[in-house]
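Below: the structure, in structure tokens.
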Amino acid sequence: MITTDKCNTDSYKIALIYFSATGNTKKIANKIGDYLKKQDVSVTKIDITSHESKRDEISISEYDAFIFGFPIYSLRAPRICREWIEQLDGEGKKCSVFFTYGGFGKAPAHYFIKELLCKRNFTLVSTAEFVAKHTFNISGWQSAEGRPNQSDFKVAEEYVNKTIKRFTGEDSNVISDFNKPMYPAEQLDMAEKYRFTAITQLPTRDGMDCSMCKLCEKLCPTNAFDATSGIADPASCIACFRCIANCPDNILHTNDISDSWDKKLKMHNTTKEEIDQMESKIYL
Ligand SMILES: Cc1cc2nc3c(=O)[nH]c(=O)nc-3n(C[C@H](O)[C@H](O)[C@H](O)COP(=O)(O)O)c2cc1C
Ligand code: SF4
Ligand code: SF4
């Protein structure tokens with residue numbers, strides 16, 4: 001979906017492009033959009049989440065700069081977002097990326113998105129990460145409930161102010177280098193499969209009747225959900241939970257993964273309290 005807020009015809013044009021399956025990234029994108037409007041820039045918001053969205057029709061030459069927003073899936077931007085970027089030519093234009101994430105691994109996301117955008121001829125000037133409730137809380141985890149909150153929105157405002165200065169040249173720096181992550185891309189490809197060790201039952205209605213609105217089918221980013229049978233195709237489902245989060249009958253679910261929550265905390269050598277108190281951050 002595309003919406004534009006113009007200030008005046010000569011104003012600096014920014015495309016704010018985001019993928020958001022369960023609404024966290026959209027929440028931050030909306031705040032960023034509001035803060036950008038205060039800066040007399042023209043902002044076009046482009047939601048590339050659904051399969052039906054015009055994910056392949058962004059006109060790069062129409063804009064002066066780009067802000068991309070993605071959730072972190074298995075330590076990186078989701079594969080479908082990375083594949084979408086792969087077919088863009090940034091024409092040397094400036095861009096920035098913000099992530100939302102559930103309080104676990106995130107460092108490789110910044111490193112690999114920089115590498116990818118550079119390869120696609122964009123100039124990355126800043127990145128940011130915002131703590132947000134984990135998608136898998138829907139199925140029993142308890143990570144960062146209530147986030148993003150006012151403290152995260154404050155960081156979003158600072159992120160916009162600093163990024164605009166870099167876009168317009170008032171601050172001529174670009175982003176510093178990120179440390180090479182200890183996991184190579186191939187190992188992260190393997191980690192992508194971990195979610196299926198916890199989520200053994202992909203979204204389903206378990207044969208129960210529903211109002212057949214077909215929103216689950218329409219909104220699915222990968223066209224994996226079949227409303228009639230009420231099940232997700234395991235070959236294409238990316239476990240984003242968009243179908244579950246948007247079902248008006250609240251009938252879709254996976255298996256209950258609350259038992260794996262303690263194991264997850266132990267694996268990351270952390271506690272629920274530590275995660276809930278993590279701060280959102282800007283990288284310049
Ligand atoms: C398949 C999948 C993998 C995820 N992997 C991570 C991860 O590696 N680290 C993390 O902190 N959060 C992870 N998350 C949580 C999301 O990054 C987080 O909840 C995000 O804010 C969701 O954004 P959205 O509401 O815009 O879809 C994952 C979520 C999903 C669905
Ligand atoms: S979104 Fe929910 S109510 Fe609508 S068709 Fe899908 S399962 Fe049924
Ligand atoms: S079927 Fe899978 S990919 Fe499609 S919306 Fe549901 S969880 Fe996401």
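The values are calculated or read from the model by the stated rules, or taken from the named source; none is laboratory data. Note that this is a predicted model, so its numbers are computed, not measured. All Cβ positions, even for glycine, are placed from backbone atoms using ideal geometry, and neighbour counts span all protein chains on display. We work out accessible area using only protein heavy atoms, side chains counted, and drop any ligands, DNA or RNA first. Shrake-Rupley method; radii C 1.70, N 1.55, O 1.52, S 1.80 Å.
Using a simple charge model, +1 on the beta-carbon of Lys and Arg, -1 on the beta-carbon of Asp and Glu, nothing else, what dipole does the range 191-271 show about its Cα centre, in debye to the nearest 20?
Roughly 340 debye, rounded to the nearest 20.
With charges only on Cβ, +1 for K and R and -1 for D and E, what is the dipole size of the chain about its Cα centre, in debye, rounded to 20?
Dipole magnitude for the chain comes out near 380 debye.
Could you tell me the accessible area of Asp206 in Å² (1.4 Å probe, neighbours in place), rounded to the nearest ten?
100
Which order do you get for Glu158, Glu273, Glu279 if you rank them by accessible area with a 1.4 Å probe, largest at the top?
Glu279, Glu273, Glu158
Share of the chain's accessible area from carbon and sulfur, percent, 1.4 Å?
In the chain, the share of accessible area belonging to carbon and sulfur is 48 percent.
Going by accessible area, probe 1.4 Å, with all protein chains left in place, what is the ranking of Cys213, Cys237, largest first?
In descending accessible area the options line up as Cys213, Cys237.
Not counting ligands, DNA or RNA, and with a 1.4 Å probe, what is Trp141's accessible surface area in Å² rounded to the nearest 10?
Ignoring ligands and nucleic acids, Trp141 comes out at about 10 Å².
Of Cys243, Cys81, Cys210, which has the largest mean-square fluctuation in a 10 Å C-alpha GNM of the chain?
Top of the fluctuation ranking is Cys210.
At a 1.4 Å probe radius, which order do Thr25, Thr197 fall into by accessible area, largest first?
Thr197, Thr25
Specify which residue in the list Gly103, Trp84, Ile58 is farthest towards the positive end of the charge dipole of the range 31-133, using unit charges on the beta carbon of Lys, Arg (+1) and Asp, Glu (-1), about the Cα centre.
Gly103
Let's see if you can work this out: charge +1 on each Lys and Arg Cβ, -1 on each Asp and Glu Cβ, no other charges. What is the dipole magnitude of the range 125-177 about its Cα centre, in debye to the nearest 20?
Approximately 120 debye in magnitude.
Hey, what's the chain come to in accessible area per residue, 1.4 Å probe, Å²?
48
Among Glu217, Glu91, Glu129, which one shows the biggest mean-square fluctuation in a GNM of the chain, springs joining Cα atoms closer than 10 Å?
Glu91
Would you check the accessible area of Glu145, probe 1.4 Å, heavy atoms only, in square angstrom rounded to 10?
Glu145 exposes around 100 Å² with every protein chain in place.
Name the long-range amide H neighbours of Ala128: under 5 Å, sequence gap of 5 or more, or other chain; modelled H, no Pro or chain starts.
When sequence neighbours closer than 5 places are left aside, the close amide H contacts are Val97, Phe98, Phe99, Tyr283.
Take the residue pairs Lys27/Lys94; Lys38/Lys154; Lys114/Lys272; Lys119/Lys165; Lys45/Lys281; Lys106/Lys218 and return only those whose Cα atoms are more than 19 Å apart.
Table pairs above 19 Å Cα-Cα are Lys27/Lys94; Lys114/Lys272; Lys119/Lys165; Lys45/Lys281; Lys106/Lys218.
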